[in-house]
Amino acid sequence: MKKLIIANWKANPESIGKAEILAKETEAAIPALKNAEVVIAPPFPFLHSIGSLLARAQLGAQDVWGTGGPYTGMVSARQLKSMGVAYVIVGHSERRIHAGETDAMIQKKLSAVLEHGLKPVLCIGERQRQGSEIPAIAGEQLSAALAGIKKEMLRRLTVAYEPVWAISTTSVASGATTPDGAFRARIYIEKLLVSLFGARAAREARIIYGGSVTPDNVLAFLTEGAMDGALVGGASLDPKKFGEIVSSAAEIA
Ligand code: PGA
């Protein structure tokens, strides 16, 4: 399975001009890719322009609303598809926290993304952690989001384990989890997928890690942590750092 590295720009940068420069510099910094897939997820207003600049990276979206129609301010899965979007982040903790997204909303979004032939990146992760066990909330988020999904769809699914406390910009930030912690999360998620969909289908989903990923720690997550990729926030705004992260992933795949 090719490693998947996703740049989540969040609400950055501040203008379309800066976004275009960031996209061009990022494209120049990533190596020709045989063994890895790269996705850049800019804010909605920049999707079209950034999409037209990408050659090596694919286009991603940071959110979706499912259906079109009377939903002011929302963007539908069909619209994203028509913009050339391949991957859609669903259920990021910042949306759960700041936009009040519930598991039920996330389940609807995930279904819509799959229904329209797009690839969801489902984010799950606890806000706080005591001890080394993955808290049950991560599993509850996962099962709730996957309700009603057919097992044939798992080959398009990526689950991003992204504990809130590990996200670089969060107020409770306490640094990335350890590669061992990522490995435990992988096993936890895999087990749950097996119990829900059976072993064969479960193996087809990707499981990636997010939370303070940098050029210095990415290799450990992909090897010791056995992760299929990384969701990168802060470091994706620095083309040099992001290019190094992608190069590491491309080497080991
Ligand atoms: P970070 O963000 O890499 O800045 O920790 C990751 C994310 O929130 O997707």
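Just so you know, all these numbers are worked out from the coordinates, no wet-lab data involved. Owing to the predicted nature of the structure, the values given are computational and were not obtained by experimental measurement. Every residue, glycine as well, gets a Cβ built from its backbone with ideal geometry; the counts of neighbours run over all protein chains shown.
Which is touching a residue at least 60 places away in the same chain (Cβ under 8 Å) and at positive phi, of 125, 175? Working first, answer last.
Numbers: 175 fails: touching a residue at least 60 places away in the same chain (Cβ under 8 Å).
Matching residue, one of 125, 175: 125.
Out of the stretch 172-200, which residues are more than 13 Å from the ligand (Cβ to nearest atom), more than 20 Å from residue 1 (Cα to Cα) and part of a loop (DSSP other than H, G, I, E, B)?
178
Could you check residue 157 against (1) away from the ligand (no atom under 11 Å from the Cβ); (2) over 18 Å from residue 91 (Cβ atoms); (3) crowded, with 20+ Cβ neighbours inside 10 Å; (4) among the aliphatic types (A, V, I, L, M) and say which number it fails?
Failing condition for residue 157: (2).
For the stretch 188-217, enumerate the residues that are buried (at least 16 other Cβ atoms within 10 Å of the Cβ), closer than 16 Å to residue 150 by Cα and touching a helix residue (DSSP H, G or I) at 6+ places or on another chain (Cβ under 6 Å).
Answer for the stretch 188-217, where residues must be buried (at least 16 other Cβ atoms within 10 Å of the Cβ), closer than 16 Å to residue 150 by Cα and touching a helix residue (DSSP H, G or I) at 6+ places or on another chain (Cβ under 6 Å): 192, 193, 197, 201, 202, 204, 205.
Which residue pairs have Cβ atoms closer than 9 Å, lie 6 or more positions apart in sequence or on different chains, and pair a first residue in the stretch 85-99 that is farther than 18 Å from residue 39 by Cβ and in contact (Cβ under 8 Å) with a residue 24 or more places away in the chain with a second residue that is part of a strand (DSSP E or B) and more than 8 Å from the ligand (Cβ to nearest atom)?
Note: pairs meeting the criteria are 93/124.
Which one is surrounded by the fewest Cβ atoms within 10 Å (Cβ to Cβ), of the residues in the stretch 218-253 that are of a type outside the set (Val, Ile, Thr) and more than 18 Å from residue 38 (Cβ to Cβ)?
Across the stretch 218-253, the extreme among qualifying residues is 224.
Consider the stretch 141-154. How many of its residues are away from the ligand (no atom under 16 Å from the Cβ), farther than 20 Å from residue 6 by Cα and in contact with an Asp or Glu (Cβ under 8 Å, 6 or more places away or on another chain)?
Summing the residues that are away from the ligand (no atom under 16 Å from the Cβ), farther than 20 Å from residue 6 by Cα and in contact with an Asp or Glu (Cβ under 8 Å, 6 or more places away or on another chain) in the stretch 141-154 gives 2.
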